[in-house]
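Notes for the one structure printed next.
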Amino acid sequence: MGTNGETLKVAYQGFPGAYSEAAAKKAYPNCQTVPCEHFDTAFQAVENWIVDRAVLPLENSLGGSIHRNYDLLLRHKLHIVGEVRLAVRHCLLANRGVKIENLISVMSHPQALAQCEHTLTELGIEHRQAVDDTAGAAKFVAEELLQDTGAVASSLAAELYGLDILAENIQDEKVNVTRFMMLAREPIIPLVDKPFKTSIVFSLEEGPGQLFKALAVFALREINLTKIESRPHKKRPFRVADDTFSTPIKYFDYLFYVDLDASMADPRTQNAIRNLEEFATFVSILGSYPTDLSEA
């Protein structure tokens with residue numbers, strides 16, 4: 001298996017021409033990309049040895065976290081082995097000969113529509129249609145030969161489905177970057193001679209200062225946190241507060257996903273995790289992997 005992924009099959013969510021496919025090709029330049037209808041399908045494809053890797057989005061600089069994939073990281077036993085950042089440059093696409101003034105509607109993924117809302121309004125396109133995938137929207141517009149509906153998608157989608165690009169870089173904020181995770185069946189060996197991140201998830205007992213105590217195990221060892229995300233604990237959705245009142249108070253119980261600016265090969269990180277395990281109710285290492293230092 002070559003270092004650029006010559007023999008790798010890499011799953012992504014969406015139709016050909018999706019931004020996720022571009023991220024997969026950036027992560028593994030010579031790979032064979034395999035489209036999957038759903039995020040869960042891509043996870044399963046790796047687990048079942050249909051593909052070697054999956055490249056799936058974790059967060060976007062405008063839209064925030066992709067919560068579904070955080071939940072799936074716990075449901076499936078895969079490891080994060082890398083990350084890749086991709087600049088998202090939305091285009092307004094339409095069939096040959098259609099002009100912007102002919103469009104009364106545009107379709108795309110809900111997040112893409114939200115990211116271009118102001119620009120689309122300025123172009124006079126008021127009606128929006130939300131679909132599952134940006135490239136899927138382009139495919140539908142092309143196959144149905146729609147004359148009054150455009151799609152918000154990538155320039156690659158325009159090329160693949162034979163559409164014209166009526167406007168480029170139509171996102172309201174010009175800096176629009178999505179961070180993708182690279183998933184594999186086996187973890188990689190972490191190093192200390194280059195920048196690494198470590199992603200973990202944990203849960204805590206009820207009580208004042210518990211989260212402060214958890215974060216302190218990293219602060220005391222001068223380990224920087226680059227992200228923290230809380231998600232409801234689906235297997236234990238409620239916790240009962242101290243029964244001070246006659247009727248017990250129930251709160252949501254949470255899992256905390258944290259990215260550390262450190263490698264698991266670093267003794268400081270190992271000691272911090274051991275310290276956390278002394279009082280956390282659950283700790284899992286999702287992966288320790290090279291930081292993406294490339295241009296998005």
Test: residue in the range 193-201 that is charged (D, E, K, R) and either open to solvent by less than 20 Å² (accessible area, probe 1.4 Å) or modelled with pLDDT of 95 or more (or both): yes
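One line per residue, one yes/no per condition, for (1) of a type in the set (D, E, K, R); (2) part of a strand (DSSP E or B); (3) surrounded by fewer than 20 Cβ atoms within 10 Å (Cβ to Cβ):
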| residue | (1), (2), (3) |
| --- | --- |
| A11 | no, yes, no |
| S20 | no, no, no |
| A24 | no, no, no |
| N30 | no, no, yes |
| F43 | no, no, no |
| I50 | no, no, yes |
Taking the range 52-75 and keeping residues of a type outside the set (A, V, I, L, M, F, W, C) and surrounded by fewer than 18 Cβ atoms within 10 Å (Cβ to Cβ) leaves S61, G63, G64, S65, H67, R68, D71, R75
List the pairs whose first member sits in the range 274-296 and is touching a residue at least 40 places away in the same chain (Cβ under 8 Å) and closer than 18 Å to Q210 by Cβ, whose second member is open to solvent by less than 40 Å² (accessible area, probe 1.4 Å) and of a type outside the set (A, V, I, L, M), and whose Cβ atoms are under 7 Å apart, counting only residues at least 6 apart or on separate chains? L276/F202; A280/F202; A280/S203; T281/S203; F282/F202; F282/S203; V283/F202
Residues that are more than 26 Å from the chain's Cα centre (by Cα) and either surrounded by 15 or more Cβ atoms within 10 Å (Cβ to Cβ) or of a type outside the set (D, E) (or both): does the range 170-191 have at least one? no
Quickly run through the range 75-94 and pick out the residues that are part of a strand (DSSP E or B) and over 16 Å from S199 (Cβ atoms). L86, A87, C91, L92, L93, A94
Selection count where residues are exposed (fewer than 12 other Cβ atoms within 10 Å of the Cβ) and either at pLDDT 90 or above or part of a helix (DSSP H, G or I) (or both), scope the range 206-227: 4
Within the range 263-280, tally of residues that are touching a strand residue (DSSP E or B) at 6+ places or on another chain (Cβ under 6 Å) and open to solvent by 40 Å² or more (accessible area, probe 1.4 Å): 1
Would you check which residues across the range 39-48 are of a type outside the set (D, E, K, R), touching a Lys or Arg at 6+ places or on another chain (Cβ under 8 Å) and over 14 Å from A24 (Cβ atoms) and list them? F43
How many residues of the range 95-124 are touching a helix residue (DSSP H, G or I) at 6+ places or on another chain (Cβ under 7 Å), under 21 Å from G14 (Cβ atoms) and either in a helix (DSSP H, G or I) or open to solvent by 40 Å² or more (accessible area, probe 1.4 Å) (or both)? The answer is 2
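The values are calculated or read from the model by the stated rules, or taken from the named source; none is laboratory data. Keep in mind that this is a model prediction, so the values were computed, not measured. For neighbour counting, all protein chains shown are included, and Cβ atoms are generated from backbone atoms with ideal geometry for every residue, glycine included. Surface areas here come from the heavy atoms of the whole protein model, side chains and all, with no ligands, DNA or RNA. Shrake-Rupley method; radii C 1.70, N 1.55, O 1.52, S 1.80 Å.
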